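The values are calculated or read from the model by the stated rules, or taken from the named source; none is laboratory data. Predicted model only: the values in this text are computed from it and were never measured. Cβ coordinates were reconstructed from backbone atoms using ideal geometry, including for glycine residues, and neighbour counts include every protein chain displayed. These accessible areas exclude ligands, DNA and RNA; they are computed on the full protein's heavy atoms, side chains included. Shrake-Rupley method; radii C 1.70, N 1.55, O 1.52, S 1.80 Å.
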Amino acid sequence: MASFSLKINGKKHQVDVDPSTPILWVLRDHLELTGTKYGCGIAQCGACTIHLNGNATRACQLPISAIGTNEITTIEGLSENADHPLQEAWIEHDVPQCGYCQAGQIMSAASLLKQNPNPSEDEIASAMHGNICRCGTYTRIKKAIQTAAQA
Ligand code: FES
Ligand code: FES
């Protein structure tokens, strides 16, 4: 066990865990931030996507010991009132089906728009290709990202 100080969604948190604990389990089990989902556990599906200093990162393969002073943002901290342009576009296009992959999808999309506010279709496809949706909502995800980019 070791003690770690984390900055998550603008707030400081202290946790005592094994240094090899993936940050996904720290978020979900220790801090009850369960918006970030567990899918594959091997950095292949994107369900666990969070931001590390604004960059989309897979939480399932990232040990807490690697976080250091980097700031974490989860879906709970993306916007204060769930009014990020992507969240509004997600509602407008009625994107989710079962919803399981959607927090990860939105976090990947938010990182994309931060780096590239007006992405082409190819750029959207390339940025989102690591986020798997077993329900097949890809077409609506793409439309929602395009809508959010124009907001
Ligand atoms: S659970 Fe992390 S990428 Fe699948
Ligand atoms: S909405 Fe069901 S997995 Fe994507």
- Query: For segment 141-149, does any single residue satisfy the condition of being more than 17 Å from the chain's Cα centre (by Cα) and open to solvent by 70 Å² or more (accessible area, probe 1.4 Å)?
  - Reply: yes
- Message: Which count do you get for residues in segment 68-96 that are among the β-branched types (Val, Ile, Thr), within 18 Å of Pro19 (Cβ to Cβ) and touching a strand residue (DSSP E or B) at 6+ places or on another chain (Cβ under 6 Å)?
- Response: 1
- Item | Checklist (1) of a type in the set (S, T, N, Q); (2) touching a helix residue (DSSP H, G or I) at 6+ places or on another chain (Cβ under 6 Å); (3) part of a strand (DSSP E or B) applied to Thr34, failing item | (3)
- Note on Pro85: of the conditions (1) touching a residue at least 60 places away in the same chain (Cβ under 8 Å); (2) within 16 Å of ligand 1 (Cβ to nearest atom); (3) over 13 Å from the mean Cα position of the chain (by Cα), unmet is (2)
- Only residues that are surrounded by fewer than 22 Cβ atoms within 10 Å (Cβ to Cβ), of a type in the set (Ser, Thr, Tyr) and within 19 Å of Ile106 (Cα to Cα): list them for segment 5-56, please. Thr34, Tyr38
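If you go through segment 57-102 one residue at a time, how many are among the aromatic types (Phe, Trp, Tyr) and open to solvent by less than 50 Å² (accessible area, probe 1.4 Å)?
Here the count works out to 1.
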- Apart from one, (1) surrounded by fewer than 21 Cβ atoms within 10 Å (Cβ to Cβ); (2) within 14 Å of the chain's Cα centre (by Cα); (3) in a helix (DSSP H, G or I) all hold for Ile132; the odd one out is (3)
